[in-house]
Amino acid sequence: QLQLVESGGGLVQPGDSLRLSCAASGRPLRTYSTSWFRQGPGSEREFVAGITYGGVSTSDGDSVKGRFTVSRDNAKNTVFLQMNSLKPEDTAVYYCAASGNPNAPRYSYEYDYWGQGTQVTVSS
């Protein structure tokens, strides 16, 4: 059974950077595609960025492109989300999720394993 634990969230100011971690146990994360989703207040959970089974990163469109980057460290069995130039609208609970679909799909129903989430708040 794969287990995922996120960390690294917190309160930051607009323009700051933050790196989230998703540590896996139970199975090698490299055998899954892994993605980050977020859910803001009163909003549905949305895809942010992901990394495929083969290690190719992908991200959402205009909302985070060029600001957020996903990477994976196979030795640490951990996936990271580097977030730069944070904006107040990035405020949300961020979740990592793993899927047997190798292509880091954008739909949450494609993911079988989820972490508990970590809060990111961007405010001045």
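At a glance:
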item	result
Residue among Pro88, Pro102 that alone is surrounded by fewer than 16 Cβ atoms within 10 Å (Cβ to Cβ), of a type outside the set (Asp, Glu), under 23 Å from Val12 (Cβ atoms) and touching a residue at least 12 places away in the same chain (Cβ under 8 Å)	Pro88
Condition met for Glu46 (among the acidic types (Asp, Glu), under 12 Å from the mean Cα position of the chain (by Cα) and farther than 20 Å from Leu2 by Cβ)	yes
Region 22-36: number of residues that are of a type outside the set (Gly, Ala, Ser) and buried (at least 24 other Cβ atoms within 10 Å of the Cβ)	5
Flag for Arg45 being open to solvent by 80 Å² or more (accessible area, probe 1.4 Å), touching a residue at least 12 places away in the same chain (Cβ under 8 Å) and in contact with a strand residue (DSSP E or B) (Cβ under 8 Å, 6 or more places away or on another chain)	yes
Residue match in region 15-26 (condition: free of Cβ contacts under 8 Å to residues at least 60 places away in the same chain, closer than 24 Å to Ser123 by Cα and not in a strand (DSSP E or B))	no
Entirely in region 74-124, the strands (runs of 3 or more DSSP E) that have 2 or more residues that are within 14 Å of Glu46 (Cα to Cα)	92-99
Selection within region 55-85 - over 18 Å from Gln1 (Cα atoms), open to solvent by 50 Å² or more (accessible area, probe 1.4 Å) and either modelled with pLDDT under 90 or out of contact with any Ser or Thr (no Cβ under 9 Å at 6 or more places or on another chain) (or both)	Val56, Ser57, Asp62, Lys65, Gly66, Ala75
Any hit, region 18-34, residues being over 11 Å from the mean Cα position of the chain (by Cα), at pLDDT below 95 and of a type in the set (Val, Ile, Thr)	yes
Selected residue (only one of Gly15, Gly117 is surrounded by fewer than 13 Cβ atoms within 10 Å (Cβ to Cβ) and out of contact with any helix residue (DSSP H, G or I) (no Cβ under 9 Å at 6 or more places or on another chain))	Gly15
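The values are calculated or read from the model by the stated rules, or taken from the named source; none is laboratory data. Quantities reported herein were computed from a predicted structural model and do not represent experimental measurements. Note that each Cβ is placed from the backbone with ideal geometry, even for glycine, and that neighbours are counted across all protein chains shown. Ligands, DNA and RNA are excluded from the accessible area calculation, which covers all protein heavy atoms including side chains. Shrake-Rupley method; radii C 1.70, N 1.55, O 1.52, S 1.80 Å.
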